Amino acid sequence: MRIGVIGAGRIGGGAARLLARAGHELLLSYSRDADKLRAQAEEIGARAGTPAEAAAFGDVVILAVPWPAIDDAVAQAGSLDGKIVIDTTNPFGAGGWEVPEGRTTTQINQERLAGARVVKSFNTLTAAFQQEAAGRTGDERVAMFLAGDDAEAKKVVAGLIADAGFDPVDAGTAAQSGILEAPRRDGAVYGEEYRLVDAQAAVEAAQAGRPIPPTPVYE
Ligand SMILES: NC(=O)c1ccc[n+]([C@@H]2O[C@H](COP(=O)([O-])OP(=O)(O)OC[C@H]3O[C@@H](n4cnc5c(N)ncnc54)[C@H](OP(=O)(O)O)[C@@H]3O)[C@@H](O)[C@H]2O)c1
């Protein structure tokens with residue numbers, strides 16, 4: 001599959017590396033340093049380009065820029081109409097967390113990206129942990145949550161999550177995605193390692209309106 005990356009830093013660059021390794025075609029974009037971007041792309045066997053090129057290239061586009069840079073990145077990308085966008089962002093601003101009240105960041109970004117099919121994912125685990133944990137097998141395989149309103153888009157993203165080396169776990173709609181959004185807190189899976197069975201139990205509890213089970217601890 002062709003995947004455009006807007007913001008190839010720790011999260012976007014890391015996801016690109018995992019997906020390139022799995023055989024996908026990647027185009028990296030949105031750097032303040034074009035030489036660095038080209039070198040990074042070359043290293044993982046990807047192309048480098050502009051956000052507009054990433055948007056045009058990708059059947060799927062990974063949005064992985066800092067929260068305050070989203071509007072600029074989206075403006076540079078141009079039309080994302082009909083594209084599946086993996087929204088990896090968390091609302092960390094210059095002065096700290098800017099958690100929206102009453103709406104999830106997935107809903108906010110779906111609005112910003114009108115016409116795109118937004119799926120929140122790759123946002124709950126640190127970039128370093130994602131690189132370290134990708135590809136684990138059996139009982140140790142790590143869950144990767146996803147959420148959004150477009151069921152078909154979520155199927156595609158679930159496939160990419162599996163290709164990247166994780167077990168996809170659907171946490172529901174954009175409105176339900178609060179469970180996987182920052183900050184780390186009781187009642188949310190954000191910031192915690194989960195494996196499939198525990199991840200599914202957490203989602204099930206949240207969707208039934210029950211408190212989620214205590215955060216699992218793995219040996
Ligand atoms: N880091 C984590 O562990 C983690 C975990 C989960 C979710 N997230 C979320 O994922 C998103 C990306 O985070 P990240 O840690 O990958 O960030 P990052 O490493 O700082 O990468 C940001 C990317 O955006 C590019 N960029 C272009 N213009 C920029 C500007 N004006 N200001 C800042 N960056 C600019 C940077 O390129 P150049 O630096 O080459 O210019 C870089 O490729 C954020 O929304 C974050 O909250 C991060």
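For the pair Ala151 and Glu192, label points projected 7 Å from Cα toward Cβ lie 2.9 nm apart.
For the stretch 179-218, with all protein chains present and a 1.4 Å probe, just round the carbon and sulfur fraction of the accessible area to a whole percent. Mind showing how you got there, number by number?
Numbers: 1120 of 2200 Å².
The C+S portion of the solvent-accessible surface of the stretch 179-218 is 51 percent.
For the stretch 60-177, the dipole from Cβ point charges (+1 on Lys and Arg, -1 on Asp and Glu) about the Cα centre works out to 100 debye, to the nearest 20. In the chain, the longest principal axis of the Cα atoms and the axis of helix 34-44 are about 60 degrees apart. Taking the DSSP bridge list for the chain and keeping only pairs wholly inside it, about 20 percent are antiparallel. Each part reduced to its alpha carbon centroid, the stretch 138-193 and the stretch 59-91 end up 18 Å apart.
Taking 7 Å steps out from each Cα toward its Cβ at Arg2 and Ala69 produces label points 2.4 nm apart. Summarising the label geometry, the points placed 7 Å from Cα in the beta-carbon direction at Arg10 and Glu101 lie 3.0 nm from one another. Averaged per residue, the stretch 40-133 has 43 square angstrom of accessible surface, using a 1.4 angstrom probe with ligands and nucleic acids left out.
Give me the dipole magnitude in Debye, nearest 20, for the stretch 119-197 about the Cα centre, with unit charges on the beta carbon: positive for Lys and Arg, negative for Asp and Glu.
Working: 8 positive and 13 negative charges, 14 e Å.
Around 60 debye, computed over the stretch 119-197.
Can you check what the net charge comes to around Ile84, using other residues whose Cβ is under 13 Å from the Cβ of Ile84 (Lys, Arg +1; Asp, Glu -1)? Value of the local net charge: 0.
Tell me whether the stretch 61-179 comes out rounded, prolate or oblate; compute the Cα gyration tensor, take square roots of the eigenvalues as a ≥ b ≥ c, and use a/c under 1.5 as the rounded threshold. Prolate shape, in that a/c is at least 1.5 and a/b is the bigger ratio.
Springs between alpha-carbon pairs under 10 angstrom, Gaussian network model over the chain: which of Ile11, Ile86, Ile70 fluctuates most? Maximum fluctuation in the GNM of the chain, among the listed residues, is at Ile70.
Calculate for the chain the 222 nm mean residue ellipticity that helices alone would give, adding -39,500 (n - 2.57) per DSSP H run of length 4 or more and normalising by residue count, nearest 500 deg cm²/dmol. It would help to have the intermediate numbers written out before the result.
Values: 8 runs with 79 residues, N = 219.
It lands at -10500 deg cm²/dmol.
Computed about the Cα centre, the dipole magnitude for the chain is approximately 220 debye when only Lys and Arg (+1) and Asp and Glu (-1) carry charge, each at its Cβ.
Stretch Glu43-Ala175 to full length: gain in nm at 0.36 nm per residue minus the Cα-Cα span?
Values: separation 132, 0.36 × 132 = 47.52 nm, distance 3.79 nm.
Result: 43.7 nm gained on full extension.
What the phi angles of the stretch 15-27 give under the Karplus curve with 6.51, -1.76 and 1.60, with θ = phi - 60°, is a coupling list of 4, 4, 4, 5, 6, 5, 4, 7, x, 7, 9, 10, 10 Hz, glycine and proline written as x.
Each other residue within a Cβ distance under 10 Å of Arg141 adds +1 if Lys or Arg and -1 if Asp or Glu, for a net charge of -1. Comparing Ala206, Phe145, Val217 along the charge dipole axis of the stretch 136-219, the residue lying farthest to the positive side is Ala206, per the Cβ-charge model. Our Cα-only numbers for the stretch 1-60 put the radius of gyration and Dmax at 9.7, 27 Å. Principal axis extents of the Cα atoms in the chain, from largest to smallest and rounded to whole angstrom, are 47, 38, 35.
The values are calculated or read from the model by the stated rules, or taken from the named source; none is laboratory data. Worth saying up front: this structure is predicted, and the values here are computed from it rather than measured. So basically every Cβ, Gly included, is an ideal-geometry build from the backbone, and we count neighbours across all protein chains shown. Side chains included, ligands, DNA and RNA excluded: accessible areas come from the protein's heavy atoms. Shrake-Rupley method; radii C 1.70, N 1.55, O 1.52, S 1.80 Å.
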